[in-house]
1. Say the cut-off is 28 Å between C-alpha atoms; which of A:Lys214/B:Lys323; A:Lys400/B:Lys65; A:Lys65/A:Lys400; A:Lys214/B:Lys192; A:Lys309/A:Lys494; A:Lys199/A:Lys242 go over it?
2. When each copy gets a label point 7 Å from Cα toward the beta-carbon at B:Ser23, what are the spacings between them in nm, shortest first?
3. If you average 1/r over all unlike Cα pairs in chain B and invert the result, what Kirkwood radius do you get in angstrom?
4. With only Lys, Arg, Asp and Glu charged, each at its Cβ (+1 for the first two, -1 for the last two), find how big the charge dipole of the protein assembly as shown is about the Cα centre; round to the nearest 20 debye.
5. In terms of the ratio Rg/(2.2 N^0.38 Å) built on C-alpha atoms, what value belongs to the stretch A:1-145?
6. Taking only protein heavy atoms and a 1.4 Å probe, what accessible area per residue, in Å², does the protein assembly as shown have with all protein chains in place?
7. At B:Glu285 and A:Lys471, where each label point lies 7 Å from the Cα along Cα→Cβ, what is the point-to-point distance in nanometres?
8. How many angstrom lie between the C-alpha centres of the stretch A:226-284 and the stretch A:37-67?
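The values are calculated or read from the model by the stated rules, or taken from the named source; none is laboratory data. None of these values were measured; they are calculated from a predicted model. Please note: Cβ atoms are built from the backbone with ideal geometry, for glycine as well, and neighbour counts cover all protein chains shown. Protein only, heavy atoms only, side chains kept; ligands, DNA and RNA dropped before computing areas. Shrake-Rupley method; radii C 1.70, N 1.55, O 1.52, S 1.80 Å.
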Protein chains: 2
Amino acid sequence: MDANEFREAAHAAIEHIIGYCQSLSDRPALPDSSIHPGYLRPLLPDSAPQEPEKWDAIQPDIASKIVPGLTHWQSPSFMAFFPANSSYPGMLGELYSAAFSAPAFSWIASPAITELETVMMDWVGQALGMPECFLSSGGGGGVIQGSASEAVVIALVTARERILRQRAGEPPGGMDPRTDEDWAAEEAREDKLGDIRSKLVALGSECAHSATAKAARIAGTRYRSVPVSRNNDFAMTGADLKAALEHTKSAGLVPYYLTVSLGTTSTCAVDRFEEIAEVLKDWPEIWVHVDAAYAGSAMICPELRYHLKGVEHFDSFDFNMHKWLLTNFDASIMFIKNPQQVTASLSITPPFLRNKWSDASLVTDYRDWQIPLGRRFRSIKIWIVLRTYGIAGLQAHIHKGIRLGEQFDGWLRERSDLFEIVTAANFGLVVFTVKPRDPKGATDQEAANTVTEAVYEAINASGELFLTSTKLGDVYAIRVVNGNELGSEKHMRKAFDLVVKISEQERTNGDVNTEIEVHERVDMDPTAGKLELDGTA
Amino acid sequence: MDANEFREAAHAAIEHIIGYCQSLSDRPALPDSSIHPGYLRPLLPDSAPQEPEKWDAIQPDIASKIVPGLTHWQSPSFMAFFPANSSYPGMLGELYSAAFSAPAFSWIASPAITELETVMMDWVGQALGMPECFLSSGGGGGVIQGSASEAVVIALVTARERILRQRAGEPPGGMDPRTDEDWAAEEAREDKLGDIRSKLVALGSECAHSATAKAARIAGTRYRSVPVSRNNDFAMTGADLKAALEHTKSAGLVPYYLTVSLGTTSTCAVDRFEEIAEVLKDWPEIWVHVDAAYAGSAMICPELRYHLKGVEHFDSFDFNMHKWLLTNFDASIMFIKNPQQVTASLSITPPFLRNKWSDASLVTDYRDWQIPLGRRFRSIKIWIVLRTYGIAGLQAHIHKGIRLGEQFDGWLRERSDLFEIVTAANFGLVVFTVKPRDPKGATDQEAANTVTEAVYEAINASGELFLTSTKLGDVYAIRVVNGNELGSEKHMRKAFDLVVKISEQERTNGDVNTEIEVHERVDMDPTAGKLELDGTA
């Protein structure tokens, strides 16, 4: 493909993409019912072509074979999981990232890629009102991870290595002993590490994203969750944490890592930072990571920053610009108070190769701030998004999402005959249940769960709307959230009317067998909408 | 930015990108000497703008502030690390990926994204002549990781969890015990796991990429490297491995994971698969992962597939299409013989949520095949690249890279007064040293190292060419590899002439102080070109 062919192909692709984006307002969020597991394979050849094909042959296949099988996250009827915003400026950023493609693992591997990232992290940190200690000017620093779940792995492995260093000292030789003497010294140290490591336990509230449990498994340590209560709107309190810490201690375990949430996946609960910080004064070895994957974006609005109070006591913080700040996936922003702890844990550069430029932070080698070695040029996308929308434009986008949630919340309350609110609109997210037609009393949770689940599945089966359900203790509930650029009151109202209609039908019909089709279409993977709520962690 | 503004901006960006690509033939690989650490910050405002800016204001800044600070991996004078190919079709793929943006963690999160990936992995597996056991038709399967280093983490954590399950049984309750009884049972099991885990050791040859040592650290297990010898061209032999295994066993350790390389970073050595498989018959608990990050691409040429002999004995295999197969970073292709081992290790879906569709592989939830939850739509890029070039086009690209390496190798041999070849051209990579002017005998390694390092640094300081050095035992050597689309005999010859000229100068000058400028410009981070050779692992 030469330059002329590329120009022609790119122009055609741009028109196709514009047409796709313009169709989104009227598109249902889910693929149509003809899309079954395995739909694509019969439509494609068995193997790659031997000879080159022209763009004229390729682009039509994207339209006819791929688009029908997409779930349209930018559809204003997409109210599932959390939003994963895409935008025209984000696409331009990705286009430039592809053009300047480089696995920029160190400064010299492409200086502009490293330097723009450092500056953008400070821009974003300022825009969110992050405490100075997380910005490069305050001794901290930001880094773009691919996902909030990778940020949890980084924080958790750093926490584990930090407590191991504190308790067992620095390694005597490098990673890789050669002489018999080095072997013996390293074996002795590793034995000690093994003893300590085997008692370490990572913690998170029971509403923390499953990424923490997964990270603990990757890191090879125990994980225990901290029970929370509906009385506190599912936020972890200082007392909840204290009880869990004492429990683990009495079992002979050593807590070393804690995820606190600024906006849990199920209900957008915000754990009680100041209470937690107070408790943790007695547990200085615990690394605290703030998972603000979705709601962190809202901190761009100054009036919401009271949620950050106490965050300066914690060690790291991550949120996804690719969820609610109009930046294409992936752009997960991680701020770290003491990046040297991360590099000391992840760098495999032996001590004799340390140098004054790196130590003085004259250059940053982001490979030591992340799991992979190579990394994409993601900051150019952030730069373009921030400039194209301006802080004011991004604030307006957040305000709209919050307002839509409050409207939906209000409509639910007007129909308290049909619905019960589990948690009120919070960062645009509303969580509710459907009341059973003939409630046998306040304790008939099972009947409420049955009708709520039936409503949930019928809604998604309709194809018009895509929602997510969750389980809070023994309560089965439905989540609604609309953080899309195309989201509007009109779409919200349409969604509400559909929820009402289906709820009334399901309550009237009881358990009629409309679910058969539902199960076949939407619930192929029962875990999809239930356990893994979080689209982009 | 509305559709019309996007169209206009995208067309302008496309012209900018075409202009950039057309300039690459004459561009040096490294930024010019005005680019110092910290160059960018003074050129940018201190914070993000409050109000929106137009594309007319943004694009010129990309040209004036970012492009000068890029390292140009597509420049034909880029002969460092390994190539990281970009291409017009790859850019189109990234553009579509951005347009259809979705964190496709499960099938329903965007069916087309999952299904195209599954089919593309079979296309790529066939194109490489991978044994059937790694393809979905043979019970295995492929997945696109972001990088070869993530693939190592996945393989290593899976290996660790497998041996723990084999030795300690399945977990009694879920991940997260609630009742006192469950706590006690889980504590007992975790204690046992801790004991086993603390003795586990991961292995790789001393020429294996540092990603294995880093993965072992992330996973919290020991790592030991297997010594290899120059007599065997730095390939790990069966005997090398056997000795290392017996050594670890005698120290009371339990080997559970091994990286074998198909093309090491320093010299493109290929470990001796069949000998290694023979030795490992006595060590059935070891998971073997093949790191073919760079050279794996060459398997698209049938005449080179003899390198794969024995690979069917191993458990997983990874190579980067984003290195040498004209696909933009990131596209790391991982084949797994038994994907159930991976999902059993990484999935946090509790058993009661398993379902017949997932178990029957009717749907694949790739989130359980990787570290992060969310994932980009990478397969559309692979689809577009495979179709645009065809297998024939990709084979021609590989053949060219191999030929350029052989030419350079031949020229070095013609100047055996100046150069000594450390390893002959192998997958396009040549490794050589400069002979000292007045060699005091065959053992004067130090003099050879001094002049070779001086030549290396002077070459990179020239700005015309970007190479990488390496250390093999006590030999300091220079690597040359050109796998770029724009690479040509003309550029190779120009590079060789420069190497000759600088070598002759350095031999004449001895240790004159031309290095001062070198250190300031190129060697800001001494680790950049030495330890971390591999651009994209």
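1. Beyond 28 Å: A:Lys214/B:Lys323; A:Lys400/B:Lys65; A:Lys65/A:Lys400; A:Lys309/A:Lys494.
2. Distances between equivalent label points, in nm: 3.8.
3. Evaluated on chain B, it is 25.2 Å.
4. That gives a dipole near 280 debye.
5. Dividing the Cα Rg of the stretch A:1-145 by 2.2 N^0.38 Å gives 1.40.
6. 32
7. The two pseudo-label positions are separated by 3.5 nm.
8. If you average the Cα positions of each part, the centres end up 50 Å apart.
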